[in-house]
Amino acid sequence: DAGVIQSPRHEVTEMGQEVTLRCKPISGHNSLFWYRQTMMRGLELLIYFNNNVPIDDSGMPEDRFSAKMPNASFSTLKIQPSEPRDSAVYFCASSFSRQGNEQFFGPGTRLTVL
Amino acid sequence: SQQGEEDPQALSIQEGENATMNCSYKTSINNLQWYRQNSGRGLVHLILIRSNEREKHSGRLRVTLDTSKKSSSLLITASRAADTASYFCATVDNYGQNFVFGPGTRLSVLP
């Protein structure tokens with residue numbers, strides 16, 4: 001298995017632009033998680049899905065952030081409009097059956113908003 | 001609020017020495033997990049210990065859990081330069097919800 005796949009690996013954009021991050025979880029996993037990592041805040045859980053349904057989005061910073069999971073093999077995290085403070089590394093992770101099991105992380109997307 | 005808190009924040013040791021990292025948490029848990037993150041990479045799961053377990057081993061890793069003190073420790077024996085990374089603990093509450101990572105310990109193993 002290729003593991004969790006994220007794209008793009010790096011994204012540089014200007015303030016105000018829309019950013020879309022993509023994730024393909026490990027086949028057979030039914031839980032998917034989006035995290036943001038910064039030096040200041042560490043690793044923050046933004047949202048997680050179980051069986052394609054958003055379960056907890058309390059970590060989503062504000063309405064500029066939205067996430068979707070249209071099917072079991074694909075999820076997107078969208079930021080519109082982007083701001084410099086959104087600059088971070090965004091990780092997607094997947095696991096089998098809810099949060100309690102080990103999570104498999106993707107390589108991350110490094111986002112820089114100028 | 002932060003559930004797991006690692007201690008120390010940073011640790012520097014010589015190759016061959018043992019490295020011990022600690023994690024404290026506040027509420028009851030279902031399990032506690034340790035992860036490693038190499039620079040510029042995603043986190044990698046190392047070991048999971050359930051609330052009814054006290055100790056677990058995996059290769060050069062030894063994890064202990066003391067639920068009365070709400071703390072866990074990760075011991076890496078005979079460390080190698082390749083062990084240089086950040087190590088995170090993550091706690092899962094009794095409902096299997098609220099997967100929360102601590103701020104991590106940066107380990108440097110000097111050759």
In whole angstrom, the spacing between the Cα centers of segment A:20-65 and segment B:27-105 equals 21 Å
Computed about the Cα centre, the charge dipole of chain A from +1 Lys/Arg and -1 Asp/Glu charges at the Cβ has a magnitude in debye, to the nearest 20, of 200 debye
Here the net charge surrounding A:E11, from other residues whose Cβ is less than 13 Å away from its Cβ (Lys, Arg +1; Asp, Glu -1), is +1
With +1 at each Lys and Arg Cβ and -1 at each Asp and Glu Cβ, the charge dipole magnitude of segment B:1-64 around its Cα centre, to the nearest 20 debye, comes out at 280 debye
Given trypsin sites (Lys or Arg not before Pro), DSSP loops and at most 13 other Cβ atoms within 10 Å, the longest exposed-site-free stretch of chain A is A:42-114
Classified through the alpha carbon gyration tensor (a ≥ b ≥ c as square roots of its eigenvalues; rounded if a/c is under 1.5, else prolate when a/b is larger than b/c, else oblate), segment B:38-101 comes out oblate
As a percent rounded to 5, the proportion of antiparallel DSSP bridges among beta bridges in the protein assembly as shown is 90 percent
Treating only Lys and Arg (+1) and Asp and Glu (-1) as charged, each at its beta carbon, one finds that chain B has a dipole about its Cα centre, in Debye to the nearest 20, of 180 debye
Per the charge dipole of chain A (beta-carbon charges, Lys/Arg positive, Asp/Glu negative, Cα centre), the residue among A:G108, A:G16, A:S82 reaching farthest to the positive end is A:G108
Taking A:44-53, B:53-62 and ranking on average Cβ neighbours within 10 Å, highest first, one gets A:44-53, B:53-62
Where a ≥ b ≥ c are root eigenvalues of the Cα gyration tensor, a/c under 1.5 meaning rounded, otherwise prolate if a/b exceeds b/c and oblate otherwise, chain A counts as prolate
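Taken together, the values in this text are just the output of simple stated rules run on the coordinates, not laboratory data. Here the structure is a predicted model, which means the values were calculated and not measured. Here Cβ is always computed from backbone atoms with ideal geometry, including for glycine, and neighbour counts include all displayed protein chains.
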